[in-house]
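Working notes, structure below.
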Amino acid sequence: MSDKFISIEDISRSYPAPSGGKTTIFKNLWLPMKRGEFTCIIGHSGCGKTTVLNILAGLDVPSSGEVIVDGQAIEGPSLDRAVIFQSHALLPWRSVMGNVSYAVSSKWRKWPGAQIREQAQKFIDLVGLTGSEHKKPAELSGGMKQRVGIARALSIEPKIMLMDEPFSALDALTRGTLQDEVRRICQTTGQTVFMITHDVDEAIYLADKIVLMTNGPGAVLAEIVENPLPRDRKRTDFHKHPLYYSVRNHIIDFLVERSRTFVANTKDFNPRNVPVVVPRAVEPSLAASDGPRLRATQTGTN
Amino acid sequence: MTGSLSFRAAVVSIALLVAFLLAWHLATRGIGPVQPMDPEYAKLMGATATQGKSAMPGPLDVGAKLWEHLKSPFYDKGPNDKGVGIQLAYSLGRVLTGYLLAVLFAIPIGFLIGMSPLMSKALDPYIQILKPISPLAWMPLALYTIKDSGLSAIFVIFICSLWPMMINTAFGVAAVRKEWLNVARTLEVGTIRRAFTIILPAAAPTILTGMRISIGIAWLVIVAAEMLVGGTGIGYFVWNEWNNLSIVNVINAILFIGLVGMVLDQVLARLTRLVTFPE
């Protein structure tokens, strides 16, 4: 199907438990992603988010199931899927230019040096690191290091970007600026992104779809929340949008309560058909009464 | 503040040297009992018996000899009388040959061990057994098989330099951060390119540390090896001067061995700093 650029199909991951038997981290995950879509996955620590991302990257393999990207099952890592690591993973013996051009020269092996540097420079400029090309990672602040990581990932012009909590180690101010940068870049390039985050606001600001994962072990995908905020939202005022609190409350309610109880309370859960939820505005009359504070419409994915 | 610390340290160093030289001088200045004897007989006796001079040379004797060595380090007056510079050059030549041969073997094998858990486990018992063997224990075997004393000395240097480099290389390669390897994997970097662009730079500081340990051991061992094989080299020089009962030359040789060892260590330390990356 054309609208499934990435399709996670029934992946599970388990490992042998110390006491014998198997511990299942997550099971039967089905998730479609469209081309150009920004998907965030939210869940508590230990539910296997990073493993899912690593499987998408090809750095890890599922115990069962597979991931189809652009009509082909993933077999190992690929230059089509760039990863932005949580720890930025820069090569400390290479300069900013060296780190980015290493990626460029890995993608286009026959390019002459000048062309490689030109491509690398383009993306160093894009993330606003012009003038720091010759600095080593140790001379850069945390935010600048993560910018290099972003430039390195973008410079190979991947089909998909995979981000593992890219901003979690940054201070709030830097995080905000980098979120803006990433959002701008992704919107102009139409990048397909899969991102792990713990930050609800970050997810609401960046993502088109927010996937909620229940607690591990035995984690499943509980819901796909479609972001009802307008696409041209700004970081300065998106939290003033009438729908902002609906989305936020819905996600936080999930994280606080339902992520724990979802599996036990949902008897007829069909992992192939993860419910898609579109949060609607809280109606004043309903909010005042003891009725549901949030109305959500649910539709199926398939 | 560091400047003043260096200055004070230098003052203490010099004071210690002066105190040592003074104590040495006083201890060997020669106040032993002198016995009256027939002048003909006295000619057969050493200065200790006739003039009460100490049998141990003092700092002034050693200094005078040192000056002689420094004035003409490269003279060659036959097999048993060569300048100390020539002897040191022989020793350095052997050390560097054996050492570089060891580099050629140790680093690739260390890479193999570091990258392959199978080879690591398979080779471990051999390394564990071979490593603690004193390099000089190989000497008779080397002499018997190689049938050349010079080459045997080089072999002994080779075998003693091998282990620290191999073990450090293996350790450095095995300890390369997974995230850097993952970067290479996501960029579809091939094995050879990965070895040279990720693993080698990441492990270089550890490898160089192993090389620094090795050069130190090689320089320790060459003296003993040359005492055994004889002919040339600073080790042979020490033993030859002992046979000549020239304690002055023995002390000078000890000084030179220390200085050259320090220079070798500093060169490797400098190289290690070059490849070390801050994180």
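Please treat every number below as a calculation from the coordinates, not as lab data. What you see is a predicted model; the values in this text were computed from it and never measured. For neighbour counting, all protein chains shown are included, and Cβ atoms are generated from backbone atoms with ideal geometry for every residue, glycine included.
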*Cross-link partners among lysines for A:LYS27, C-alpha distance below 20 Å, same-chain residues fewer than 8 apart left out?*
A:LYS49, A:LYS267
*Go from 0 up to the bin containing the longest alpha carbon distance in segment A:1-79, width 10 Å each, and give me the % of pairs per bin.*
18, 50, 26, 6, 1
*Mind checking which of A:PRO112, A:PRO92, A:PRO18 has the largest fluctuation in a GNM of chain A, springs on alpha carbons under 10 Å?*
A:PRO18
_Length-normalised contact order for segment B:1-101 - Cα pairs under 8 Å, 6+ apart - percent_ = 18 percent
*Taking a cut-off of 28 Å between Cα atoms, list the lysines near B:LYS131, but don't count ones fewer than 8 places away on the same chain.*
B:LYS121, B:LYS147
*Unit charges at the beta carbon, dipole of chain B: most positive-side option, B:ILE251, B:TYR236, B:MET115*: B:MET115
*If you place +1 on the Cβ of every Lys and Arg and -1 on the Cβ of every Asp and Glu, how big does the dipole about the Cα centre of chain B come out, in debye to the nearest 20?*
720 debye
_Taking the beta-carbon count within 10 Å as an exposure proxy, list B:PHE20, A:PHE26 from fewest neighbours to most._
B:PHE20, A:PHE26
_For the pairs A:LYS209/A:LYS234; A:LYS34/A:LYS136; A:LYS22/A:LYS209, flag any whose C-alpha to C-alpha distance is greater than 26 Å._
A:LYS34/A:LYS136; A:LYS22/A:LYS209
*Scan around A:SER14 for amide H atoms under 5 Å from its own, H built in the peptide plane at 1.01 Å from N, and keep only partners 5 or more places away or cross-chain.*
A:ILE25, A:SER63
*Per-q log10 I(q)/I(0), the protein assembly as shown, q = 0.10, 0.12 Å⁻¹ (Debye; single scatterer per alpha-carbon; no solvent)*: -0.95, -1.18
*Reachable lysines, given that their alpha-carbon falls under 30 Å from the alpha-carbon of B:LYS71 and they are not under 8 places away in the same chain*: B:LYS53, B:LYS82
*asked:* Projecting each Cα onto the charge dipole of the protein assembly as shown (Lys/Arg +1, Asp/Glu -1 at the beta carbon, about the Cα centre), which of B:ALA47, A:VAL276, A:ALA222 comes out farthest on the positive side?
replied: A:VAL276
_Between helix A:172-189 and chain A: long-axis angle, C-alpha atoms, 0 to 90°, nearest 10_ = 80 degrees
*Find the eigenvalues of the gyration tensor of the Cα atoms of segment B:84-275, then list the square roots of 5 times those eigenvalues as equivalent ellipsoid semi-axes, largest first, in whole angstrom.*
37, 18, 11
*What's the FRET efficiency of B:THR191 with B:THR145 using the Cβ-Cβ distance as r and R₀ = 45 Å, to the nearest 0.05?*
0.80
*To the nearest 20 debye, what charge dipole does chain A have about its Cα centre, counting +1 at the Cβ of each Lys and Arg and -1 at the Cβ of each Asp and Glu?*
420 debye
*Given the options A:ASP237, A:ASP125, A:ASP253, state which has the largest fluctuation in a GNM of chain A using a 10 Å cut-off (strictly under) for Cα springs.*
A:ASP237
*Would you mind counting up the charge near A:VAL83? Only other residues with Cβ under 11 Å from its Cβ, with Lys and Arg at +1 and Asp and Glu at -1.*
+1
*Express the Stokes-Einstein translational diffusion coefficient of segment A:41-175 in µm² s⁻¹, to the nearest whole number, given a Kirkwood radius over alpha-carbon pairs, 37 °C and a viscosity of 0.692 mPa s.*
208 µm²/s
*Once the other residues with Cβ under 12 Å from the Cβ of A:LYS145 are scored (Lys, Arg +1; Asp, Glu -1), what is the net sum?*
+2
*Rounded to two decimals, what is Rg over Rh for chain A when you use alpha-carbon atoms and the Kirkwood radius?*
0.99
*Could you work out which residue, out of B:GLY85, B:GLY210, B:GLY98, moves most in a Gaussian network model of chain B, that is, has the largest mean-square fluctuation with Cα springs under 10 Å?*
B:GLY85
*Report relative contact order for segment B:109-188 in percent, whole number only (criteria: Cα-Cα under 8 Å, sequence separation at least 6).*
46 percent
*Near the amide H of B:LYS82, under 5 Å away, which other amide H atoms are found, from residues 5 or more places off or on another chain, if H is placed in the peptide plane?*
B:LYS77
*To the nearest 10 degrees, how steeply does helix A:142-155 sit against the main Cα axis of chain A, on a 0 to 90 scale?*
80 degrees
*Normalising by the residue count of chain B, find the relative contact order in percent from Cα pairs under 8 Å and 6+ residues apart.*
19 percent
*Dipole moment magnitude, nearest 20 debye, the protein assembly as shown about Cα centre, only Lys, Arg, Asp, Glu C-beta charged*: 400 debye
_Can you give the local net charge around A:SER106? Use residues other than it whose beta-carbon is closer than 9 angstrom to its beta-carbon, Lys and Arg +1, Asp and Glu -1._
+2
*For chain B, what are the DSSP H helices with axial Cα length of 30 Å or more and mean Kyte-Doolittle hydropathy of at least 0.0?*
B:2-27, B:84-115, B:149-174, B:200-229, B:247-275
*For the charge dipole of segment A:175-259, defined by +1 on Lys and Arg C-beta atoms and -1 on Asp and Glu C-beta atoms about the Cα centroid, which residue among A:THR189, A:ALA207, A:VAL256 has the Cα displaced farthest towards the positive pole?*
A:THR189
